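Below you'll find the structure, written out as structure tokens, and then a few comments.
The values are calculated or read from the model by the stated rules, or taken from the named source; none is laboratory data. As the structure is a prediction and not an experimental result, all values here were calculated from the model. Cβ coordinates were reconstructed from backbone atoms using ideal geometry, including for glycine residues, and neighbour counts include every protein chain displayed. Surface accessibility is based on the protein's heavy atoms, side chains included, excluding ligands, DNA and RNA. Shrake-Rupley method; radii C 1.70, N 1.55, O 1.52, S 1.80 Å.
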Amino acid sequence: MAEKYQMYIDGEWCESSTGETFEVVSPVTGEVIGIMPKASEEDVERAIKAAHREKENYKFLSDEERGALCVRIAEELEKEAEPFAKDLVMEQGKSYYQEGYGEIIESAENLRNAREDLFRMPGEVLYSKINGRKIFVKREPAGVYASICPWNFPLVMPAEHFAPCFAAGNTLVFKPASYTPISGFNFAKAIERAGVPKGVFNLVYGPGPSVGMQMVKHPLVNGIAFTGEDKTGIEIQNNAGLKQTLMEMGGTGPEIVRPDADLKAAAEGAAYGAWMNAGQVCCSTQRILVHKDVKEEFTKYLLDTLNDVKLGNPMDKDVTMGPMNNEPTIQKVELHIAEALEKGAKLLAGGKRASGFPTDKYFEPTILTDVVPGMMVHDLETFGPVLPIIEFSDDEEALKIANSTKLGLQMSLYTSSLKWAYWYQERLRTGNLCVNESAGFWEPHQPFGGCPGTETGHGSIGGRYTIEEVTFRKTITVNFNNCY
Ligand code: NAP
């Protein structure tokens, strides 16, 4: 029997005011695993009003109290790490042992870091040209934040929004992705148990275009933290008006392999970035640009990495890759592969859904070669376990191909030349570059984000950089003359 879940509004667990619900179907088993209330306009209104009412109270808790709340939420997540990870795996599909359990721990780490980062936030005192005056520059919370998250990391993406918001003194209304709302419910349980005051955190479920958009347009919402696809992000940005926005969107990160690279390490880095979460990661290795002189040897190493991939039930210990999450994403992957093959690419491995599993969402790790710009698998975000190999002849050409898509979120470069590493880092149009490291690399405290001239978004996720994003700079000029 599927479990029935509730929303969390103004400190109370509740159903939808209309009684409407929707189902969550596990990509692992095909079973309905959750019945969720679908928020009505009235529910969303109530959630936003509660967050609005509490914003002035919450920001006046002491920094120590808000920091302690973050630590207590982290503790509550850690206490329930096993059941939360199991729920996450069953609704999302990633491997429990390789990734799912770690996602709960990383979410807690984000919250613990937020307390530390809060205490290290710098303020400034500026001199004035006029005697007796000083100019203070400090950060203030924006107020009510709408957090809208994707399904590929159902716990850590929200944690990347919640941790800086709770630390800085914002209140929140959260809408998880409709494919993975159970992790949102679990997060809310941890937040309630940690003692976060009533109304400070609110959870609603429902379709992005209605529930999410209501949050985006609402006049009492002061800031929007969005992680998701480029198309959605652009629509949200166009409707956000003058609200503060933090936009974390998609990527087509290439790994560039120069002829002087350690080819085995480059192949392993590509594989890590490509097969993690079945390729459903914004910074997965979505393209490999390899120099023509080393393409053959590199490809051999890359094919060897397939020996370490085991597709199967993500709760099994030896399984490294579970099913993909949802049908539209799989159909996009199939479309990109079919178009590439039609236009002359060759299939070296995989290429289709795997048989013999409880659902048709298990997809074979796929390697394509002879891919060129102009194919969808090169130009667009494929978001599945697909590695397209593109050949280049010199660095100018590699640079041109790397920069030719609109989604340069995170890139990777393998080379043993410091000179060339420097050359590329100055020219690649990307928010993040990993040198001799997989495109799939990140750590929670580092700034991670998109870059101008692309459709990857703006603002940084990670550590104190996100506290800066969810606050605003307030300048206070004080005339000390005639004061006592
Ligand atoms: P998505 O379709 O854009 O959905 C993301 C969230 O936005 C979901 O909660 C969705 O609700 C909601 N939404 C959809 N349409 C909306 C609208 N018109 N107004 C307001 N909200 C709306 O993205 P996804 O498929 O869940 O996630 C995959 C994407 O996220 C990929 O492109 C990936 O690269 C990107 N991503 C980026 C980062 C990063 O840090 N840059 C990290 C992770 C993922 P529903 O679920 O109800 O549709």
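Using a 10 Å cut-off on Cβ atoms, rank the peptides 188-197, 251-260 from the highest mean neighbour count down.
251-260, 188-197
Which value, in Å², gives the accessible area per residue of the chain when a 1.4 Å probe is used on the protein heavy atoms?
Spelled out: the 1.4 Å probe surface of the chain, per residue, equals 41 Å².
What is the total of Lys pairs in segment 295-374 with C-alpha atoms under 17 Å apart, excluding same-chain pairs fewer than 8 positions apart?
Details: K295/K346; K300/K346; K310/K352; K310/K361; K332/K343; K332/K352; K332/K361; K352/K361.
Here the count comes out as 8.
Take the alpha-carbon centre of segment 1-54, take the same for segment 410-484, and report the distance between them in whole Å.
35
First compute the accessible area of the chain with a 1.4 Å probe, then give the percent of it belonging to carbon and sulfur atoms. Kindly include the intermediate steps, with their values, before the conclusion.
Details: 10090 of 19860 Å².
Here it works out to 51 percent.
Say each of E235 and L347 gets a label point 7 Å from the Cα, pointing the same way as Cα to Cβ; how far apart are those two points in nm?
Result for the modelled spin labels: 3.2 nm.
Which of the lysines could be linked to K217 by a straight reach, that is with a Cα gap under 18 Å, when you skip same-chain ones fewer than 8 residues away?
K49, K175, K231, K243
Which angle between 0 and 90 degrees, to the nearest 10, do you get for helix 418-427 versus the longest principal axis of the chain when only C-alpha atoms count?
Between the helix axis and the principal axis of the chain, the angle is about 60 degrees.
Taking loop as defined by DSSP and a crowding limit of 15 other beta carbons within 10 Å, which trypsin sites (Lys or Arg not before Pro) in segment 96-125 fit?
Listed in order of number, the matching sites are R120.
Using the Cβ atoms and a cut-off under 12 Å, what net charge is assigned to the surroundings of T171, where Lys and Arg are +1 and Asp and Glu are -1? Show your work: numbers first, answer last.
On the way: positive: K49, R53, K55, K59, R66, K198; negative: D10, E54, E56.
The answer is +3.
Between F472 and D360, what is the spin-label point distance in nm, taking each point 7 Å from the Cα along the Cα→C-beta axis?
5.1
In debye, nearest 20: dipole of segment 1-154 around its Cα centre with unit charges on the Cβ of K, R (+) and D, E (-)?
Working: 20 positive and 31 negative charges, 245 e Å.
Value, rounded to 20: 1180 debye.
Need the full-extension length gain, W423 to N131, defined as separation in residues times 0.36 nm minus the C-alpha distance. One decimal, nm.
Here the segment from W423 to N131 would lengthen by 100.3 nm.
How far is helix 41-59 tilted off the main Cα axis of the chain, in degrees rounded to 10, range 0 to 90?
60
Once both axes come from the Cα atoms, what is the angle between helix 63-79 and the longest principal axis of the chain, in degrees from 0 to 90, rounded to 10?
Between helix and principal axis, roughly 40 degrees.
At 7 Å along the Cα-to-beta-carbon direction for both E297 and D63, put a label point, then send me their distance in nm to one decimal.
For E297 paired with D63, the spin-label model returns 5.4 nm.
Straight-line reach only, C-alpha to C-alpha below 19 angstrom: list the aspartates and glutamates that K264 could link to, leaving out same-chain residues fewer than 8 apart.
E255, D293, E296, E297, D304, D308, E391, E437
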